[in-house]
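Only the coordinates and a few stated rules stand behind these numbers; no lab work does. If you're wondering where the values come from, they're calculated on a predicted model, not measured in any experiment. Neighbour counts run over all protein chains shown; Cβ positions are idealised from the backbone, glycine included.
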Amino acid sequence: MAKSSSGQAIGTVAMRWHGDRLELLDQRLLPAEEHWLVADGAATVAQCITDMVVRGAPAIGISAAYGVALAAHHAGTADWRGEVDRAIRMLAESRPTAVNLFWALDKMQQVVSHCGTQDEAISRLGQAAVRLHEEDLAANLAMADYGLEVIGTEKPVSVLTHCNTGALATGGYGTALGVVRRLHEQQLLKRVYADETRPWLQGSRLTAWELVRDQIPVTLNADGAAAAIMAAGKVAWVLVGADRITANGDVANKIGTYNLAVLARHHRIGFMVVAPSSTVDMSLESGQDIPIEQREGTEVREIRGVPLAPVDVDVFNPVFDVTPAALIDAIVTEKGVVRNPEITGMKALFT
Ligand SMILES: CSC[C@@H](O)[C@@H](O)C(=O)COP(=O)(O)O
C-alpha cells in the first residue's frame, strides 16, 4: 500500500511511474480483473485517458503530465522540443471537461520552455510530473481535514457519494472519498451509500471495490434509490468530487450530481464538493461555459457488449452535468473551504 510523506497509508493506487514508462491500472476491467497496462509514450497515455483506462479529474491531469515526460524521454534528438509540443497538444485532445488536464499540461509546458537540452527536459519533466502527483496526494490529505471540520465531530454520520473520487481517481487517498476515509479513521463514519453511477458504473465497479478493500462500511445503491435513502433519513451529507469549478462556484461533475444536489436541498441534507485547486477554473465565469463531454451511445445501450436496449435506439449520453452554486453548502479545497459559494463565488480563495 502506498504511503503519504507522513507515512500514512493511502489505499490503492491508479498508476506507477518508472521513469521511462507509466503503468496504469486498467479501470475498465475492475473489479473483475486487476490488469496493469504499460504506456511507453504520450500517444498511449492519451488513448488511455480517452478510453477511460485512467479516469477521474486529478488522475487524468497527473497521467497526462507523465505522458509529457515520456514524450521527452522517447523523442528523437533532432526535434525533441517539437515532439514534446505535439504530445502536449495531443494529450489536450484526450477529454474535454476535467480542467485538471489542461492545468497539468500548462505546468509541463512551462517546465519544458525553460529546458535547454533534451537531457534536461527528460529529467525536469519527470521530476515535475512526480511533484504534481505528490502535491495532489498532499492536497487530498489536507481536504480530508477540512471536510471533517465542516461535517463536525460530535457524532458518527452516514453519507452518500456518487461516481468514484477515491485513490483510483486521484494521486491517492481521494477527494470526497478522502473525507470518507478520514471520517472512518476517526470512527465518525457509520456507513457510505455509493450510487452505482450509470452508465459507466464508477460507483459499483470502483468506489465499492476501493471501500470493500479498505474495510470501510459501504452499501451500494441504484442511482434512483438516492431520494428514498434521503427521505428515510439515512444520510446527513452528500459528498462528491468535481471536474471543473467555475469562478461563481458552479460545479461540473459526473452526470447525476445535479439530481443529488436538488434532492439534498429538498431533504435539508448537506451537499459538499471536495476538489483540489487544480479543478478550479477562474477563467470561466459560470458553469454554462464548461464544455460537457458527450460519449458513445453504446455506453448506455450495452454493458461489455451485452445489449441492454434496442441496438438502434437514440441515446443522450452527456457524462457530466453542472450543479449551480446555489445548491452547494460547501466547496472544500486544500486552500480552505468556501461555504455557501453562491454568495462569494470562488474568489474568496482564488484571485
Ligand atoms: C476526484 S474525481 C472527481 C471527478 O473527476 C469524478 O467525480 C468524476 O466525475 C469522474 O468522471 P470520469 O468520467 O470517471 O472521469
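Before moving on, here are some points about what is shown:
- Sequence-distant lysines (8 or more away, or on other chains) whose Cα lies within less than 28 Å of Lys107: Lys3, Lys254, Lys335, Lys347
- Residue among Ala208, Gln294, Pro31 farthest towards the positive dipole end of the chain, charges placed on Cβ: Ala208
- Exposure proxy order (Cβ contacts within 10 Å, fewest to most) of Lys107, Lys254, Lys347: Lys347, Lys107, Lys254
- Cβ-based exposure ranking for Lys190, Lys155, in which fewest neighbours within 10 Å come first: Lys155, Lys190
- Largest first, the three principal axis extents of the alpha carbons in the chain are 66, 49, 40 Å in whole numbers.
- Kyte-Doolittle at least 0.5, axis length at least 15 Å by Cα - qualifying DSSP helices, the chain: 57-74
- Ascending count of other beta-carbon atoms within 10 Å, so fewest first, for Cys115, Cys48, Cys163: Cys115, Cys48, Cys163
- Aspartates and glutamates whose Cα lies under 20 Å from that of Lys155, excluding same-chain neighbours fewer than 8 positions away: Asp145, Glu185, Asp329
- For the chain, a simple Cβ point-charge model (Lys and Arg +1, Asp and Glu -1, everything else neutral) yields a dipole of about 880 debye relative to the Cα centre.
- Computed E for Glu134/Asp20 - FRET, C-beta separation, R0 22 angstrom, nearest 0.05: 0.65
- Protection proxy ranking of 310-318, 124-132, by the mean of other Cβ atoms within 10 Å over each peptide's residues and highest first, is 124-132, 310-318.
- Expressed as a whole percent, the proportion of Cα-Cα pairs in the range 144-344 lying more than 30 Å apart is 17%.
- Residue-count net charge about Leu30 - beta-carbon cut-off 10 Å; Lys, Arg +1, Asp, Glu -1: -2
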